[in-house]
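Peer 1: Supplied in structure tokens, the structure appears directly below.
Just so you know, all these numbers are worked out from the coordinates, no wet-lab data involved. As the structure is a computational prediction, the values presented were derived from the model and not from experiment. FYI the Cβ positions are ideal-geometry reconstructions off the backbone, even for glycines, and counts take in every protein chain you see.
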Amino acid sequence: MPLPVPHTGFQALVLCGPGVSLNTFTSNPEEYPKCLIPVANRPMIFYTIDFCKRMGITDITLVTPPSSLAPLQAALRQNPHLTSIPSPSPSVIAPRDLDMTTGTAELLRLPEVQNCIKSDFLLLPCDLICEIPGESLLESWMIFQSALGGSSTVREGRNAHGPASSGPGGEQGGRRGGLSVFYQTQGREESVKGEATDFVAIAPFEQDEAPAGHTTDLSKLVLSMPMSTLKEKMEHDKGFLVRHSLVDKHARIKMLSSYRDAHLYVLPYWVKDFARLNDKFQSVSEDLVGWWAKAEWQEGLGNKLKMNEIFQRQGHSLPSGEDASHDGESLEEEIDLQSMSTTKATSAIAESARSAKPQFASRVKAPSSVSESLKSGSLPPMLAYVQRGSAPFIRRVDSSAMLLSTSLRLAKLESTEEVGRSAASAFAHNQKVSYPAGVAQRCTVTKSDCLLDMNVTIEEKCVVKESVIGANSHISSGARLTRCVVMDGVVVGPRAVLTGCIIGRRAKIGSECVLKDCEVQDGNVVPDETDAKNEKFMVFEGLDDDMDEDFEDDQDEL
């Protein structure tokens, strides 16, 4: 396989968060943070680092809370999957004020992170599993930014100063747009019921904006927010309201509700100041990217977001034109799309929407003094890559259901031993069964959809189908595992039956247990003959403390 061309003008920031949605296995982040949870027998962070390396980015920084710094550094030095990644190794920073509740946009404002950003950069989460060739995303981004009037090279754009010619999108050297990635959550093998989605609205490029002969799935992002936020807004506004300026600017808009933000962004260097100056931003996806997408078509919003201050400080001349409104209210009316529908009676909703007072950027304050104003059409756009059809695999593993689904999906990939390294997937293992001697002859293991790590032992009369089993685990005689993820060092007792379960590290399942769709915390012991469905087996420290206090009180009474 040819080596990727290094993208020396880019760096990657990987956010290694707390993993609240995986709390069964991240209850002790000081010992075992989310980024080290195994996905198909590899640490979660492996896939993100490998994705960056495959696209040629070698400047990789992992951002983690101080409490998770020690285990992450130890894993980078000792875990065989992480040590096998080509040099140089990623660097790790642990900002002093970063805790488990810090928002992603708040994180970008921390001094340690601000000092870390030296160039255009990728921002991505530690739980991303992406089979898309990353270099194709970077190349598409650079080609489109050049077509829109931006600099054709990454390095010169980073430090460009002085006036430059403006393209149709208003981009100049150093004033390029961003790129976000969205993937389909429904109708795919790895789809799970109830997966979170985002509301995404995209608009196609005009003929004079897109590069000649382009075939990528890039569009302009005009709206982006979680579906939960959209539902709250619709409930508050008594309908789905859209501004006139959006329809005036983009005649063709496609609105999607079954896609999800991958939290994979290609961002220009000036976004560093964009996040720092807007202290109201909490989330990158909902606030930074969402408001940026609106500013491309909503008059005056770019000034309220202090984009003019950023570009003026960088020495770029702003386009001339009418000054935008700087007051706290929009001068535009809103359109109620539901009231225009011919398939539903919404007269009451329409009347309520007409009487409502328009709201505009309520969370963003207008600048106190502005020498020049930005027109909406002069702002660099936020581009969107939207996954189409049977596109390469991409998922965020941020829930137990996604951990199970993704691990089982990757377990079905053919190994490099079977098809050769050139034909194998980037996520394929060298062998499906790393330790064949540990598997007894009189047992059934479907190798096509199973993945067994080193030193896994399976006794006779066992049946293992569509499962992933971690290193040093032991499956006792007569046990049956179907669609399960078993992490390192687990012991499954005789004649236990597990279906759709996730078993944490060093846990023990008693003999003749029957578990379906259950989660077992690391180190937990499930008693013999337990029969459970849809349960989480966890040890609650608070309960143990209460029991200790009760015991001490009883001793005092005696």
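Peer 1: Please work out the Cα center distance from the stretch 422-443 to the stretch 254-301, rounded to the nearest Å.
Peer 2: Between the Cα centres of the stretch 422-443 and the stretch 254-301 lies a distance of 43 Å.
Peer 1: I need to check one value: relative contact order of the stretch 176-303, counting alpha carbon pairs closer than 8 Å and at least 6 residues apart, in percent.
Peer 2: 38
Peer 1: If I model a spin label at T482 and A437 as a point 7 Å from the Cα along the Cα→Cβ vector, what separation in nanometres do I get?
Peer 2: Going by the 7 Å Cα→Cβ label model, 3.4 nm.
Peer 1: Can you spot the lysines whose alpha carbon is less than 21 Å from K272's alpha carbon? Ignore those fewer than 8 places along the same chain.
Peer 2: Those lysines meeting the cut-off are K118, K280, K294, K304, K306, K365.
Peer 1: Taking the stretch 1-145 as the region of interest, what is the percent of Cα-Cα pairs per 5 angstrom bin, listed from the shortest bin to the one with the maximum distance?
Peer 2: Distribution as computed: 2, 9, 20, 23, 21, 15, 8, 3, 1 percent.
Peer 1: Given the C-alpha atoms of the stretch 411-541, compute the convex hull and give its volume per residue in Å³.
Peer 2: Hull volume normalised by residue count: 89 Å³.
Peer 1: Please find the FRET efficiency linking D528 to D237, where r is the Cβ-Cβ separation and R0 is fixed at 60 Å, and quote it to the nearest 0.05.
Peer 2: Efficiency for this residue pair is about 0.60.
Peer 1: Under 16 Å from the Cα of K465, which lysines turn up, not counting those fewer than eight places away in the same chain?
Peer 2: Within the straight-line cut-off, K465 pairs with K412, K432, K447, K516.
Peer 1: Amide H of R243: which non-local residues (sequence gap of 5 or more, or other chain) have their own amide H closer than 5 Å, using H built in the peptide plane?
Peer 2: Long-range HN contacts for R243: I335.
Peer 1: How about the stretch 57-153: which chymotrypsin sites (Phe, Trp or Tyr not before Pro) there lie in a loop by DSSP and see at most 11 other Cβ atoms within 10 Å?
Peer 2: none
Peer 1: In whole percent, what relative contact order does the stretch 411-541 give with Cα contacts below 8 Å and a gap of six or more residues?
Peer 2: Values: 389 pairs, mean separation 17.6, N = 131.
It rounds to 13 percent for the stretch 411-541.
Peer 1: Another question about this same structure. Return the FRET efficiency for the residue pair D279, S390: r is the Cβ-Cβ distance, R0 is 41 Å, and the value is rounded to the nearest 0.05.
Peer 2: It comes out at approximately 0.45.
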